[in-house]
1. Quick one: which of Asn123, Asn75, Asn88 is at positive phi and without any contact (Cβ under 8 Å) to a residue 40 or more places away in the chain?
2. Run Val120 past the list (1) in contact with a Phe, Trp or Tyr (Cβ under 9 Å, 6 or more places away or on another chain); (2) buried (at least 17 other Cβ atoms within 10 Å of the Cβ); (3) within 30 Å of Gly46 (Cα to Cα) and report the number of the one that doesn't hold.
3. So, Phe162, is that one crowded, with 17+ Cβ neighbours inside 10 Å and touching a helix residue (DSSP H, G or I) at 6+ places or on another chain (Cβ under 8 Å) or not?
4. Pull up the stretch 11-61, narrow it to residues that are crowded, with 20+ Cβ neighbours inside 10 Å and β-branched (Val, Ile, Thr), then point me to the one that is nearest to Gln98 (Cα to Cα).
5. Of all residues in the stretch 63-88, count the ones that are buried (at least 23 other Cβ atoms within 10 Å of the Cβ) and among the β-branched types (Val, Ile, Thr).
6. Within the stretch 97-114, identify whether any single residue is at pLDDT below 95, under 30 Å from Gly160 (Cα atoms) and not polar (S, T, N, Q), and answer yes or no.
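The values are calculated or read from the model by the stated rules, or taken from the named source; none is laboratory data. The structure presented is a predicted model; accordingly, all values stated were derived computationally and were not measured. Note that we place each Cβ from the backbone using ideal geometry, even for glycine, and neighbour counts take in every protein chain shown.
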Amino acid sequence: MPAQNTIGKNVTIFEPVQLGFPSREHLGKEDWPGVVIGDDCVIRSGSVIYSDVVFGNSCQTGHNVVIREKTIIGNHTAIGTSTVIEGNVTIGDNVSIQSQAFIPTNTKIGNNVFIGPNVVITNDKYPPTGIGGLVGATIEDGAAVGANCTLIPGIVIGKGAFVAAGSVVTKDVPEDMMAVGNPARVREKPKIMIQ
């Protein structure tokens, strides 16, 4: 028996979409957990949502999004077209993830976070050895990561911090600070950006 999905009220799903796709641990089994999709969500065509994924209310995906198993997504969160979320990821409320972002296993994203297009978060310091385990980034509440940024494994982007477009972040960015460049250097945010 395939996955049993739980779909909330007023959900719009544009076919073709795969919900409850079995993860590796469920291959060959007769049944496996499905997905939970909260009320008022929109899932656009081409998306593949693996088993054990939970969406809050009023979420939406763009087209051709892949979300792997054991991912939890808060309320009012948008995930852009062709984004890949590799599983075991936690995403808070009111998060905006733009198109073609890559979010690996063991990443934590807080509330009210912005992630620009083509952002790449990494989780393996010594690929492909896996030495030290897979450690994703932590992006705390209210932080913003500009387009085409790369975050090295285990990085913490502090509350309200900002990462300028195109930056390669190799060290933590403290709360309410700004990181710019390759490698990114930390400086104070311009006054116009302070909230």
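1. Testing whether each residue is at positive phi and without any contact (Cβ under 8 Å) to a residue 40 or more places away in the chain leaves just Asn88.
2. All conditions are met except number (2).
3. Against the criterion (crowded, with 17+ Cβ neighbours inside 10 Å and touching a helix residue (DSSP H, G or I) at 6+ places or on another chain (Cβ under 8 Å)), Phe162 qualifies.
4. Ranking the qualifying residues of the stretch 11-61, first place goes to Thr61.
5. Count: 8.
6. no
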